[in-house]
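A.B. asks: Can you read through this structure? Questions will come right after.
The values are calculated or read from the model by the stated rules, or taken from the named source; none is laboratory data. This is a predicted model, so every value here is computed, not measured. Virtual Cβ from ideal backbone geometry, glycine too; neighbours counted across all protein chains shown.
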Amino acid sequence: SAVISQKPSRDICQRGTSLTIQCQVDSQVTMMFWYRQQPGQSLTLIATANQGSEATYESGFVIDKFPISRPNLTFSTLTVSNMSPEDSSIYLCSVEGGGGQETQYFGPGTRLLVL
Amino acid sequence: AQSVTQLGSHVSVSEGALVLLRCNYSSSVPPYLFWYVQYPNQGLQLLLKYTTGATLVKGINGFEAEFKKSETSFHLTKPSAHMSDAAEYFCAVSERGSQGNLIFGKGTKLSVKP
């Protein structure tokens, strides 16, 4: 399985500001995913990021609010823009493990608190 | 559309007792099924998965799960709970070829009493 790191691990931000979260993988992967886990809730997929193409967003998530970059096969960023307290969540990136079995491996998450 | 239902948002067992966490799914095609564990302040760790073949799958830390197509279930069990098993457990389903459309249940928080 891939080893995934995220930066920052946690942050406290003021409303109206933006935060960029980085996700680094120790091997080249085709598909990377970004999830949100709101307090006490399950995981919700924000978008799928493939290298060399625009991210595909799930219903309820838009590029202006959550712009994503995928410059190469080992790295991606998610920006949470114009933050409000409702954006306080854990943001996790994951990668598809390959082999056609749809297994995803997750990073440790970024814990965001918006005041 | 796929969905996952985890019965019981909170399960409490005594140390050494059987752990049973329930998961039912719906899928229009043969699914891939997963259990993930999330320890406090950590990310998700894959416990085990079912893709094809043997319906009883063994995972890490002594956990296992059985895929029962007739019951559309994938319950997670462990014969003897340990204090270190206290965590939140998520069941998830995806469809073959879905390119990452992983649907999670709401999670079950497991508490282990000494």
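A.B. asks: Could you say which residue among B:TYR25, B:TYR36 is away from chain A (no Cβ under 12 Å), within 14 Å of the chain's Cα centre (by Cα), surrounded by 14 or more Cβ atoms within 10 Å (Cβ to Cβ) and among the hydroxyl-bearing types (Ser, Thr, Tyr)?
C.D. replies: B:TYR25
A.B. asks: Which of the residues that make up the range A:60-115 are assigned to a strand (DSSP E or B), among the hydrophobic types (A, V, I, L, M, F, W, C) and surrounded by fewer than 18 Cβ atoms within 10 Å (Cβ to Cβ)?
C.D. replies: A:PHE75, A:LEU113
A.B. asks: Just checking, how many residues over the range B:63-99 are within 14 Å of B:VAL13 (Cβ to Cβ) and surrounded by 13 or more Cβ atoms within 10 Å (Cβ to Cβ)?
C.D. replies: Qualifying residue count for the region: 10.
A.B. asks: Residues that are under 21 Å from B:LEU7 (Cβ atoms) and in contact with a strand residue (DSSP E or B) (Cβ under 6 Å, 6 or more places away or on another chain): which strands (runs of 3 or more DSSP E) entirely in the range B:24-114 hold 3 or more of them?
C.D. replies: The qualifying strands (runs of 3 or more DSSP E) are B:31-38, B:44-50, B:64-68, B:73-78, B:87-95, B:108-113.
A.B. asks: Only one of these is away from chain A (no Cβ under 11 Å), in contact (Cβ under 8 Å) with a residue 40 or more places away in the chain, buried (at least 18 other Cβ atoms within 10 Å of the Cβ) and within 30 Å of A:SER89 (Cβ to Cβ): B:LEU110, B:LEU102. Name it.
C.D. replies: B:LEU110
A.B. asks: Quick one: B:GLY53 ticks every box in (1) within 14 Å of chain A (Cβ to nearest Cβ); (2) at negative phi bar one, so which box is it?
C.D. replies: B:GLY53 satisfies all of (1) within 14 Å of chain A (Cβ to nearest Cβ); (2) at negative phi except (2).
A.B. asks: Please go through the range B:34-54 and pick out each residue that is farther than 14 Å from B:LYS109 by Cα and modelled with pLDDT of 90 or more.
C.D. replies: Once the filter is applied, which keeps residues that are farther than 14 Å from B:LYS109 by Cα and modelled with pLDDT of 90 or more, the range B:34-54 yields B:PHE34, B:GLN45, B:LEU46, B:LEU47, B:LEU48, B:LYS49, B:TYR50.
A.B. asks: Suppose the filter is modelled with pLDDT under 90, at negative phi and not acidic (Asp, Glu); does A:GLY97 pass it?
C.D. replies: For A:GLY97, the condition - modelled with pLDDT under 90, at negative phi and not acidic (Asp, Glu) - is met.
A.B. asks: Looking at the range A:69-82 only, could you name the residues that are closer than 23 Å to B:GLN42 by Cα and either touching a residue at least 60 places away in the same chain (Cβ under 8 Å) or within 14 Å of chain B (Cβ to nearest Cβ) (or both)?
C.D. replies: Within the range A:69-82, A:SER76, A:THR79, A:VAL80 qualify.
A.B. asks: Could you tell me whether A:VAL3 is in contact with a strand residue (DSSP E or B) (Cβ under 9 Å, 6 or more places away or on another chain), over 21 Å from B:GLY107 (Cα atoms) and surrounded by 17 or more Cβ atoms within 10 Å (Cβ to Cβ)?
C.D. replies: So A:VAL3 does not fit the description; no.
A.B. asks: Right, something else. Among the residues of the range A:2-16, write down those that are of a type in the set (Val, Ile, Thr) and more than 15 Å from A:SER89 (Cα to Cα).
C.D. replies: A:VAL3, A:ILE4
A.B. asks: Quickly run through the range B:9-51 and pick out the residues that are over 27 Å from A:ARG111 (Cα atoms) and of a type in the set (Ser, Thr, Tyr).
C.D. replies: Those that are over 27 Å from A:ARG111 (Cα atoms) and of a type in the set (Ser, Thr, Tyr): B:SER14, B:TYR25, B:SER26, B:SER27, B:SER28, B:TYR32, B:TYR50, B:THR51.
A.B. asks: Report yes if some residue within the range A:85-96 is in contact with a Lys or Arg (Cβ under 6 Å, 6 or more places away or on another chain) and without any contact (Cβ under 8 Å) to a residue 12 or more places away in the chain; otherwise report no.
C.D. replies: no
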